[in-house]
Amino acid sequence: MSILKLNKIYKSYPDGDNNLNEVLKGVNLEVNKGDFIAVKGASGSGKTTLLSILGTLLMAEKGSYLLDGAEINTHTNLHKLRNEKIGFMFQDHRLLPQYSALENILLPVLAYHSQAPQSYMDYAHTLMKITRIEQVANQYPAQLSGGESSRVALCRALVMKPAILLADEPTGQLDMENALNIVALLSEINQRLNTTILMVTHSEEVAKAAKKTVTLKNGILN
């Protein structure tokens, strides 16, 4: 069952001479429920642009983008769709320092509720148990290690049970040991929760955790 489908996606940016620099040149991609796909590519190959389009943070100039059956290019409430359907995991964690680990995990829920319903509280604790960070629930970001911060960010990305998790260089700020621990957790999440994951990485070792690897080169996915 297709969760995400790109058909002939194009994106370009003006350069300093008022010429257009084509970054994506007709990208096609189909992601099925339960997939774990790694997207590799050299620096400047357009990985961030592609992920931004997948996350509805950028709009393509041409092409079709279907997410869980909805055509993104004509959707009227992208903010709501983004919060409900897409989980984001960034390399810099983006935890809010004034909130505890548990409160950071529940932030997407609090976009719609003044207080997190018990069902979300229970699921947050389930995620913390799976990622083995129950002991840091009441600690603040400044008290967390890099690996713990990554796990909190992963739980936050999953708490709304999104259609797809987008991971942007999720191990970029970690040493190799912690990096491999995080991708092992992503693999475990993929298998235990059947969470669909698309991960952008430049690391061969990290990419090996995925079920499938594609490469972005010259604006095309191969």
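Quick one: which of 19-26, 5-12, 197-204 comes out on top by average Cβ neighbours within 10 Å, and what's the full order, highest first?
197-204, 5-12, 19-26
Mean 1/r over all different Cα pairs, inverted: what Kirkwood radius does the chain give, in Å?
In the chain this quantity evaluates to 18.0 Å.
Please sort 132-144, 108-120 by packing, taking for each peptide the average over its residues of neighbouring beta carbons within 10 angstrom, highest first.
In descending order of packing, they fall as 132-144, 108-120.
What FRET efficiency, computed as 1/(1 + (r/R0)^6) with R0 = 35 Å and r the Cβ-Cβ distance, is obtained for Gln115 and Leu20, rounded to the nearest 0.05?
0.15
Using Cα centres only, tell me the gap between segment 67-139 and segment 1-36 in whole Å.
26
What length, rounded to one decimal in nm, is gained on full extension from Lys211 through to Ala142, with 0.36 nm per residue of separation minus their alpha-carbon distance?
Extending this stretch completely gives an extra 21.4 nm.
Below 8 Å between Cα atoms, with a sequence gap of 6+, how large is the relative contact order for segment 22-108 in percent?
17
How much length is gained if the chain between Thr74 and Arg94 is pulled fully straight, taking 0.36 nm per residue apart and subtracting their Cα-Cα distance, in nm to one decimal?
4.3 nm
Pairs of Cα atoms under 8 Å, at least six residues apart: use those to get the relative contact order of the chain, whole percent.
Reported relative contact order: 31 percent.
With unit charges on the beta carbon (Lys/Arg positive, Asp/Glu negative), name the residue among Ser43, Ala137, Ala70 whose Cα is farthest towards the positive pole of the charge dipole of segment 32-164.
Ser43
Roughly what would the spin-label model give for Glu134 and Tyr13, points 7 Å off Cα along C-beta, in nm?
Output for this residue pair reads 4.5 nm.
Of the candidates Arg156, Arg82, Arg192, which one comes out as most mobile in a Gaussian network treatment of the chain with C-alpha springs shorter than 10 Å?
Looking only at Arg156, Arg82, Arg192, the biggest GNM fluctuation is shown by Arg192.
Step through the table entries Lys40/Lys129; Lys33/Lys129; Lys161/Lys217; Lys80/Lys217; Lys25/Lys85, compare each Cα-Cα distance with 28 Å, and write down the pairs that go over it.
Correct reply: Lys40/Lys129; Lys161/Lys217; Lys80/Lys217.
Using the Cβ atoms and a cut-off under 12 Å, what net charge is assigned to the surroundings of Lys8, where Lys and Arg are +1 and Asp and Glu are -1?
+3
At what distance in nm do the modelled label points of His125 and Ser2 sit from each other, each positioned 7 Å from its Cα along Cα→Cβ?
Here the answer is 4.1 nm between the modelled labels.
How much length, in nm to one decimal, is gained on full extension between Glu61 and Glu204, taken as 0.36 nm per residue of separation minus their Cα-Cα distance?
Full-extension gain reported as 48.4 nm.
We did not get these values from a lab; they are worked out from the coordinates using the rules stated. Model, not experiment: these values are computed from the prediction. All Cβ positions, even for glycine, are placed from backbone atoms using ideal geometry, and neighbour counts span all protein chains on display.
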